[in-house]
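Asker: Below is one structure. I have some questions about it.
The values are calculated or read from the model by the stated rules, or taken from the named source; none is laboratory data. This structure is a prediction, so every number in the text was calculated from the model and none was measured. Cβ: placed from backbone, ideal geometry, glycine included. Neighbour counts: every protein chain shown. All accessible areas refer to the heavy atoms of the entire protein, side chains included, with ligands and DNA or RNA removed. Shrake-Rupley method; radii C 1.70, N 1.55, O 1.52, S 1.80 Å.
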Amino acid sequence: MYKYKLVKKINPQDKAAPKKWYAIPISEVPQTVKAMTRAATENTTTAPIEMEAALELLGRHARQQLQQGHTVRVGDLGTIRVSFKSDGVENITDFNAGAMIKNPRIIFTPSKEFRESVLQGIQFQNAGVLDEGISYASLSDYKKAKGITSGGSDDSGGSSIGGGGTGEDGEDGEGGFS
């Protein structure tokens, strides 16, 4: 279940429009490498320490390959590559890579299969509301604090890609995306 909070923001594409409520993702704390390798190798013949070693080797190899300008394929997950921005010059002899190449970054591009398998059936759950620096544990708590009464249906904001989902407080919801 992927959690989100509702935050009132200005639409960056129409700054004159009134603020609207937007969902922002709430990322959980990542597992440690040991916990991840134990979980990933459960019910397999691969030992967690073997997977840890393979990840370490992959990391070293990927660093080397990226520094040499190669794109790195990470199995069926996708590819990793380096990208950057650059200032332009009118005369080619004026180009100075050290001063004009800016903002280098590492880009991960998931494979089509990996992307589809992750997004297919992902479910979303409201993890609260953030309003004026105050974090409310749920939409119900926010409504109670603000004196908002439900007028008919209470859309809890829960949704999943491709079907129903679980809303706040475990209710089935018909969340929508705008």
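Asker: Shape call for the stretch 1-109 from the C-alpha gyration tensor, a ≥ b ≥ c root eigenvalues: rounded (a/c under 1.5), prolate (a/b greater than b/c) or oblate?
Answerer: oblate
Asker: Moving to a separate point now. Tell me which lysines have Cα within less than 25 Å of Lys102's Cα, excluding those fewer than 8 residues away on the same chain?
Answerer: Qualifying lysines at Cα under 25 Å: Lys85.
Asker: Check which residues have an amide H placed less than 5 Å from Lys5's amide H, if you skip close sequence neighbours.
Answerer: Sorted by chain and number, the residues that satisfy this are Ile24, Ile26, Ala127.
Asker: If DNA, RNA and ligands are ignored and the probe is 1.4 Å, what is the ranking of Lys144, Lys5, Lys102 by accessible area, most exposed first?
Answerer: On the way: Lys144 165, Lys5 45, Lys102 85 Å².
Highest to lowest solvent-accessible surface, that is Lys144, Lys102, Lys5.
Asker: Which percent of the accessible heavy-atom area of the stretch 27-161 goes to carbon and sulfur, probe 1.4 angstrom? Write out the running numbers ahead of the final one.
Answerer: Numbers: 5300 of 9860 Å².
Heavy-atom surface of the stretch 27-161 belonging to carbon and sulfur, 1.4 Å probe: 54 percent.
Asker: What length, rounded to one decimal in nm, is gained on full extension from Ala47 through to Ile26, with 0.36 nm per residue of separation minus their alpha-carbon distance?
Answerer: 4.4 nm
Asker: Quick one: 3J(HN,Hα) in Hz for the stretch 22-27, Karplus 6.51/-1.76/1.60 with θ = phi - 60°, rounded, Gly and Pro as x.
Answerer: With the stated coefficients, the stretch 22-27 comes to 10, 7, 10, x, 10, 8 Hz.
Asker: Oh, and also: Say R0 is 35 Å: what FRET efficiency, to the nearest 0.05, do Gln67 and Val118 get from their beta-carbon distance? Provide the component values of the computation, followed by the final result.
Answerer: Values: r = 29 Å, r/R0 = 0.82.
Working from the Cβ atoms, E equals 0.75.
Asker: Starting from the Cα of Thr109, step 7 Å along the direction of its Cβ; do the same at Arg60; then give the gap between the two resulting points in nm.
Answerer: Inter-label distance under the simple model: 2.9 nm.
Asker: May I pose another question? Tell me, what HN-Hα J-couplings in whole Hz come from the Karplus equation 6.51 cos²θ - 1.76 cosθ + 1.60 at θ = phi - 60° for each residue of the stretch 124-134, using x for Gly and Pro?
Answerer: Karplus-based 3J(HN,Hα) across the stretch 124-134 equals 10, 9, 5, 10, x, 9, 10, 9, 6, x, 9 Hz.
Asker: Could you run the Karplus curve 6.51 cos²θ - 1.76 cosθ + 1.60 with θ = phi - 60° over the stretch 95-109 and give me ³J(HN,Hα) per residue in whole Hz, x for Gly and Pro?
Answerer: My calculation for the stretch 95-109 gives 6, 10, 4, x, 9, 9, 8, 10, 6, x, 8, 9, 10, 9, 10 Hz in order.
Asker: If you roll a 1.4 Å probe over the heavy atoms of the protein chains, what accessible area per residue do you get for the stretch 17-130, in Å²?
Answerer: Roughly 77 Å² per residue, with all protein chains present.
Asker: Now a separate question. With labels modelled as points extended 7 Å from the Cα through the Cβ direction, what inter-label distance (nm, one decimal) is found for Met100 paired with Asp14?
Answerer: 4.1
Asker: Report, ordered by chain and residue number, the lysines lying within cross-link reach of Lys19, taken as a straight Cα distance under 28 Å and ignoring same-chain residues fewer than 8 apart.
Answerer: Lys3, Lys5, Lys8, Lys9, Lys143, Lys144, Lys146
Asker: So for the stretch 10-147, taking the charge dipole from beta-carbon charges (+1 Lys/Arg, -1 Asp/Glu), which of Gln120, Ser138, Gln67 sits furthest toward the positive end?
Answerer: Of Gln120, Ser138, Gln67, it is Ser138.
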